[in-house]
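Take a look at the structure set out below.
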Amino acid sequence: MKALTWQGKRNVTVEEVADPVIEQPTDAVIRVTSSAICGSDLHLYELLGPFIDRGDILGHEPMGTVVEIGSDVAELAVGDRVVIPFNIACGHCFMCRHGLQSQCETTQVREYGSGAALFGYTKLYGQVPGGQAEYLRVPLADYNHIRVGADLPDDRYLYLSDILPTAWQGVEYAHVPEGGTLAIMGLGPVGQFVSRIGIHRGYRVLAVDPVPERREMAERHGVLTYDLTDTVVDELRDLTDGRGADSVVDAVGLEAHGSAGIGLMQQAVGLLPDAVARPMLDKAGVDRLAALYASIDLVRRGGTVSLSGVYAGDADILPMKTMFDKQLSLRMGQCNVKRWIDDLLPLVEDPADPLGVMDLATHHASLDEAPDLYATFQRKEDGCIKVVLNP
Ligand SMILES: NC(=O)c1ccc[n+]([C@@H]2O[C@H](COP(=O)([O-])OP(=O)(O)OC[C@H]3O[C@@H](n4cnc5c(N)ncnc54)[C@H](O)[C@@H]3O)[C@@H](O)[C@H]2O)c1
Ligand SMILES: [Zn+2]
Ligand SMILES: [Zn+2]
């Protein structure tokens, strides 16, 4: 089959690789019909090379049709149409039973001290072959699927694999008071959905992003948007009685624009030999914290900062005095996809499309075009906001 593989920093290629097969009786194999590129894939493209091997298959936002099942799979049949959550969970351990599927104790990657295994996401998360490919092996398939109907187009359902539940969790964790103000840093695909969920719930939603077409898209859905300027935090504070937003979702993460010095450090790490770079990335606090700092600054006293954006350094410096003095709550983490599906399925199937899932993808393309589109998406060229591959 054809698959999108990682070959080095800012270098991905489509290669002919062996078809996936049933390895465990609990596996299924799906033929992938749609598979999106995520902002998280950009971290692999740019930064997390020390944890990836040349040839690893990327992708963790797939859906498709079941073509083969292992002998122990009871909940799926060949021909079923399914979306595959990006985290791989068992559904019955302590963490899964508590709605913490991204911490699943059956699939945790203990070697690296990580939570649940993920598709297409480095050795830190189990080095499981990803879904930007013609076929995908799905471990623990009885639990790791969302079965969907046959009538609606893929784009209705595809984002259930990751960004829609991620955004939903981001808003849940943000603990916005009824009718309160939710501010969002970042209007990538995750920030788009965070804002729309905020509007859907009746909050006042203010969002910041430096890219004009991303702001325009959010404005189409009723969001008030602001450019990333030196004064934007003050401007937003003025709009919230000088107090700040009740809640802030950081939908940017570790590759924020805005603190060049640390950016250079990241650059350097991306080019080091793996054995040297890995411990540095893990411990040395090389994150760019611009969006997180802005979130902490912008939230009102007693408010909540919710991180949907991914962070990865273990020695980052946080403004503890400010956080303590402002009495902040801070929540974060990889999304627990299956926890939110019952809330989201009716919304994506609603003919009125309340979260606008049909207004996100700017690019549909074949797998062969994926390498070019990684570059386009990273550089935010050609109005690119979300890429959906149709292998
Ligand atoms: N928690 C999870 O489970 C989970 C799931 C999916 C994605 N993510 C993470 O969410 C983040 C966003 O993903 P995405 O797909 O939307 O990616 P993206 O890269 O398209 O979006 C990031 C957006 O932030 C904007 N931005 C950059 N610096 C900024 C700043 N200082 N202030 C405000 N905006 C800024 C960029 O212009 C861009 O629009 C990534 O870190 C991704 O890894 C987390
Ligand atoms: Zn993703
Ligand atoms: Zn589990």
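Here, each number is a calculation from the coordinates, and none is a lab measurement. These figures come from a predicted structure and were not determined experimentally. Quick reminder, even Gly has a Cβ in these numbers, built from the backbone with ideal geometry, and neighbours come from all protein chains shown.
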>> If packing is taken as the average count of other Cβ atoms within 10 Å, what order do 304-310, 348-354, 190-196 fall into, highest mean first?
In response: 190-196, 304-310, 348-354
> Which one of Gly126, Val78, Leu100 is farthest out on the positive end of the charge dipole of the chain, using unit charges on Cβ (Lys, Arg +1; Asp, Glu -1) and the Cα centre as origin?
Replying inline: Leu100
> Sorting Arg300, Arg237, Arg110, Arg97 on the 10 Å Cβ count, fewest up front, what's the list?
Replying inline: Arg110, Arg97, Arg237, Arg300
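Out of all DSSP beta bridges in region 61-211, what portion is antiparallel? Express it as a percent rounded to 5. List each step's numbers first, then the result.
Working: 6 of 12 bridges.
Approximately 50 percent, going by the DSSP bridge assignments.
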>> Using Cβ contacts closer than 10 Å as the measure, can you line up Ile317, Ile22 from fewest to most?
In response: Ile317, Ile22
> Once label points are set 7 Å from the Cα along Cα→Cβ at both Ala150 and Lys9, what is their separation, rounded to one decimal in nm?
Replying inline: 5.0
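Taking neighbour Cβ counts within 10 Å as the exposure measure, how do Phe119, Phe377, Phe51 sort from fewest upward?
Details: Phe119 30, Phe377 25, Phe51 21.
Going from least to most buried by this count: Phe51, Phe377, Phe119.
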> Restricting to the chain, what percent of DSSP beta bridges are antiparallel, rounded to 5?
Replying inline: 50
>> Can you compute the helix-only [θ] at 222 nm over the chain? Use -39500 (n - 2.57) per DSSP H run of at least 4 residues, normalise by all residues, nearest 500 deg cm²/dmol.
In response: -8000 deg cm²/dmol
> Just how far, in whole angstrom, is region 194-208 from region 82-118 if you go by their alpha carbon centroids?
Replying inline: 29
> For region 305-380, what does the alpha-carbon gyration tensor say about shape, rounded, prolate or oblate, given a ≥ b ≥ c as the root eigenvalues, a/c under 1.5 as rounded, and a/b over b/c as prolate?
Replying inline: oblate
> So what's the net charge close to Val205: Lys and Arg +1, Asp and Glu -1, counting the other residues with Cβ under 12 Å from its Cβ?
Replying inline: +1
> How high is the FRET efficiency between Thr322 and His364 when r is their beta carbon distance and R₀ equals 45 Å, given to the nearest 0.05?
Replying inline: 0.55
>> Along its three principal axes, how long is region 180-252 when you only count alpha carbons? Whole Å, largest extent first please.
In response: 28, 28, 19
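Counting only other residues whose beta carbon sits under 12 Å from that of Gln127, what net charge do I get with K and R as +1, D and E as -1?
Surrounding charge for Gln127 is -2.
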> Near the amide H of Phe119, under 5 Å away, which other amide H atoms are found, from residues 5 or more places off or on another chain, if H is placed in the peptide plane?
Replying inline: Ile88
> Given a cut-off of 29 Å, what percent of all Cα-Cα pairs of the chain lie beyond it?
Replying inline: 40
>> Could you tell me how far the Cα centroid of region 136-179 sits from the Cα centroid of region 337-361, in Å?
In response: 8
